[in-house]
Amino acid sequence: MKNKIPQHVAIIMDGNGRWAKERKLPLVAGHKKGADTAFAVSKCAHEMGIKWLTLYTFSTENWKRPASWLADYNKLLQWYLDSEITQLIKNNTKLHVIGDISKFSTPIQEGLFKAIGDTQACTGLNLVLALNYGARHEITRGVQNIAQQVIDGTIDVADITESTIVKSLYTCDMPDPDLLIRTSGEQRISNYLLWQVAYSEFRFSEKLWPDYTAKNFTEDVLDYQKRERRYGQYTDAL
Ligand code: IPE
Ligand code: IPE
Ligand code: MG
């Protein structure tokens, strides 16, 4: 086995709408079932000893969807924040958020801050929700922050390093993802963690996210463990 248990797995939970459409259900039913998958995969990740799990929950581009979908999706998000957070505490899961949550309604923002506060002391899995997250927005915001530091005279241009950029990102306290999984057969990155996945291993599943199981997740992690990560270097075999 080449790799140990990944420290950080990032997931693009795609295919919720198609799952609902196939069943002639309202689209939000797919997202509700998808949230069950998210809880099951989080539990599995914790049991495997994975420390960080980052779930792409809502992208900066998803605001372009129809108003009725947005209303249903936001209602569902609110419901989860109001009623399901105790599940996180029970599983010793610490919640984090990346993205600009100021665009969500006040009750959703308050629910998120409360959930982050309530799970602060949890020592198990770090569960990161990417909400109104877009990597281009994240990098733009970071560049603005560094430019301001230059203007303020707290940093010289010559002293800007990769580490300065890492510190300017939402993910500054997190390791880079070792493994990135996308479900639903799509093979694209959709503006997710562009800086952070520079050397991540990718795995694409044909399963729609609501159909994806803890067993599928375990298989994906096992596949990752067989890979050889070279980081641009020669290996001993050569
Ligand atoms: C991904 O599921 C989750 C969000 C964008 C919130 P989709 O809603 O994109 O599902 P499909 O791709 O339409 O099936
Ligand atoms: C990516 O899925 C965003 C989330 C999973 C939250 P999308 O369904 O929005 O991405 P595209 O439109 O297929 O690229
Ligand atoms: Mg999609």
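One table, with the values for the structure above:
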quantity	calculated
Of all accessible heavy-atom area on region 175-228, the percent that carbon and sulfur account for (1.4 Å)	51
Solvent-accessible area, 1.4 Å probe, carbon plus sulfur percent, for region 134-173	52
Accessible surface ranking that places the most exposed of Arg23, Arg230 first, with a 1.4 angstrom probe	Arg230, Arg23
Solvent-accessible heavy-atom area per residue, rounded to whole Å², over region 1-117 at 1.4 Å	52
The chain - percent relative contact order, Cα under 8 Å, separation 6 or more	30
Too-long pairs where the Cα-Cα distance tops 30 Å, listed order kept, from Lys167/Lys215; Lys21/Lys103; Lys51/Lys207; Lys64/Lys207; Lys33/Lys94	Lys167/Lys215
Å² of accessible area per residue within region 175-228, as computed with a 1.4 Å probe and no ligands counted	44
Solvent-accessible area per residue, Å², over region 134-173 with all protein chains present [probe radius 1.4 Å]	68
Net charge over other residues, Cβ less than 15 angstrom from the Cβ of Ala121 (K, R count +1; D, E count -1)	+2
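The values are calculated or read from the model by the stated rules, or taken from the named source; none is laboratory data. Not measured: the values here are computed from a predicted model. Neighbour counts are summed over all protein chains in view; Cβ atoms, including those assigned to glycine, are modelled from backbone coordinates with ideal geometry. These accessible areas exclude ligands, DNA and RNA; they are computed on the full protein's heavy atoms, side chains included. Shrake-Rupley method; radii C 1.70, N 1.55, O 1.52, S 1.80 Å.
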